[in-house]
1. Treating the angle as unsigned and between 0 and 90°, give the value, to the nearest 10°, between the Cα long axis of helix 61-76 and the longest Cα principal axis of the chain.
2. Non-local amide H neighbours of Ala480 (under 5 Å, H modeled in plane, Pro and chain starts lacking H): which ones?
3. Give the share of C-alpha pairs in each 10 angstrom bin for region 173-281, from 0 to the last occupied bin, in whole percents, shortest bins first.
4. Taking only the alpha carbons of region 254-364, what extent do you get along each of the three principal axes, in Å, biggest first?
5. With just the Cα atoms defining each centre, how far is region 403-482 from region 186-224? Give it in Å.
6. Using R₀ = 45 Å, calculate the FRET efficiency as 1/(1 + (r/R₀)^6) where r is the Cβ-Cβ separation of Ile80 and Asp473; round to 0.05.
7. Provide the FRET efficiency to the nearest 0.05 for the Ala361-Ala158 pair, computing r from the beta carbons and using R0 = 41 Å.
8. Tally the DSSP beta bridges in the chain and give the antiparallel ones as a percent, rounded to 5.
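The values are calculated or read from the model by the stated rules, or taken from the named source; none is laboratory data. Computed from a predicted structure; not experimentally measured. Quick reminder, even Gly has a Cβ in these numbers, built from the backbone with ideal geometry, and neighbours come from all protein chains shown. Remember, those area values only see protein heavy atoms, side chains included, never the ligands or the DNA or RNA. Shrake-Rupley method; radii C 1.70, N 1.55, O 1.52, S 1.80 Å.
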Amino acid sequence: MDEVIQVTQWLSSITPRKKAKLFFFTTHADAPSPMVGSNDVDTHEETQLPLATTVALHNFKNIDEFLKKKVNTFSCYNVIENEITKTDYEYLRFYSACKYLDVVPPFLDLEKISAIQNKFEMTDEERDYRLLLDSADLVLEKVCDSLKPAGVSQMWTALRKDRNLIRGVKTIDIIGFFVDPNPTGIKECLFFFIVRFLQKADKINRVNTNRLERLIAQCDESSSCEEGKTIDFIIGSLRFYPTELYPFGFCLIMCVIEGRDGAMQEIEKTMEISRHLGMITHTEKNPTKETIELVKKELMKPKYQFYSSFTCWFMSHGDSNSMVLADGETIEREWFLTSFPDISTFQLKPKVFFMVSCRGANKFSLKGDEFEGQSATCNYYDIGSALIRNRMLDITDSVRDISYVQPMMDTLVAYSTILDHLSGRANTHGSIYVDRACVLMSENISRGRSLTEILEHLSQDLHEILQETMDEDRIVYKQACHYDSFFRKTLKLPYTRHPKEDVHSAPQ
């Protein structure tokens with residue numbers, strides 16, 4: 001059959017709503033840059049004009065033409081063996097979006113997809129199409145699905161009132177002030193236009209969504225939300241780190257085995273819980289400084305941009321400032337923690353570090369009356385919310401910026417013990433902290449808890465456990481863990497374990 005006819009038949013089989021979503025996922029706002037074959041040309045026309053004309057004319061002609069062009073580009077594309085190109089990235093995004101929406105063209109060359117995945121050095125686990133979907137776009141799709149056409153129309157009206165933001169934007173004028181979003185697929189096109197417009201204007205990104213939240217907050221709840229949804233629910237969904245679908249993220253496990261009883265148990269437990277949470281896992285036993293540098297270099301590879309989060313378990317002996325490596329050398333804990341968050345592939349994504357080592361030799365010993373608890377009372381002051389609001393600054397958009405981000409932002413560091421103190425371990429099972437952390441995460445996986453809630457529960461649980469030193473003094477003591485957070489959103493663990501699909505050398 002002629003390819004033109006095949007493409008026409010494929011497009012005619014896709015509903016307007018799915019066309020809008022396919023266009024949205026394919027014109028992903030945060031594509032890696034710079035890449036071979038990319039340039040600095042403004043993609044405004046490509047990403048916003050088709051949406052604007054579709055909304056204005058109630059006609060999907062321009063979106064159809066865009067999708068035809070993509071298919072034709074991929075059909076003629078020859079996969080270069082070594083260099084990763086912009087088209088490689090777009091081809092994978094297009095395929096994953098089609099797979100997610102169940103509209104894969106029957107004529108799409110899956111061998112090319114497999115060849116591109118080879119260029120990205122993807123393992124069998126990483127060839128799951130869900131890895132290639134952008135979690136932030138999936139969250140925005142759910143927000144769109146939660147709004148009625150009237151709600152998106154109200155967002156549009158609120159956006160149009162911000163004259164400083166829309167001044168001189170031609171696509172805004174194409175749509176006009178009053179919009180009828182009721183025809184099938186038009187609501188989606190208008191919502192996705194608003195999102196891409198705010199992204200291109202540097203007003204929102206995968207972490208900073210305040211500007212979008214403020215538009216939604218101006219909607220009338222009774223007419224704007226789908227059944228069972230509320231404005232608070234919709235805005236609340238934007239306040240979590242986007243970690244939709246499988247995999248939940250990439251997990252790096254580094255464990256010094258030499259001289260640490262139970263270390264293999266630590267590895268087994270952390271591997272089990274990371275896989276249970278739907279993470280793709282890599283383990284480094286007995287790491288050295290050279291190992292760490294090689295891992296950092298590996299994480300800079302383009303394929304890691306597809307991951308939505310990063311978790312690292314580092315288990316070794318240590319003192320207040322440093323950690324002992326397998327070869328007896330030490331590294332500064334601060335150096336380790338500041339070098340990983342700066343890796344570009346995980347910028348604007350949650351990064352969690354579990355640092356499991358002693359940070360000194362002090363112990364919170366329990367003797368005699370010290371077993372008896374003490375209590376204290378505090379004075380509380382009731383400050384009226386109206387008074388607080390009256391004293392707050394009026395922070396305008398003109399003094400806000402989301403372009404520049406401190407490297408440590410979106411990072412959480414969990415320590416197995418407090419500064420200058422021991423981190424307890426059992427002879428056969430390894431770190432007690434690792435054991436309790438894995439148990440609590442496993443128990444909470446189906447409850448939709450956030451990571452910080454679980455860490456707070458872990459702090460309570462661990463501090464109830466009486467431990468005993470392994471030396472001749474046999475001192476009974478308690479251990480206190482804590483975490484430092486630079487998170488800007490809440491990181492929720494998956495509600496259910498994400499099953500891995502049976503994918504091998506070529507997508508199915």
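1. Result, in degrees: 70.
2. Ile418
3. 11, 27, 25, 15, 12, 7, 2, 0
4. 41, 29, 28
5. Going from one Cα centre to the other spans 39 Å.
6. 0.10
7. Here the calculated transfer efficiency is 0.10.
8. Beta bridges within the chain, antiparallel portion: roughly 35 percent.
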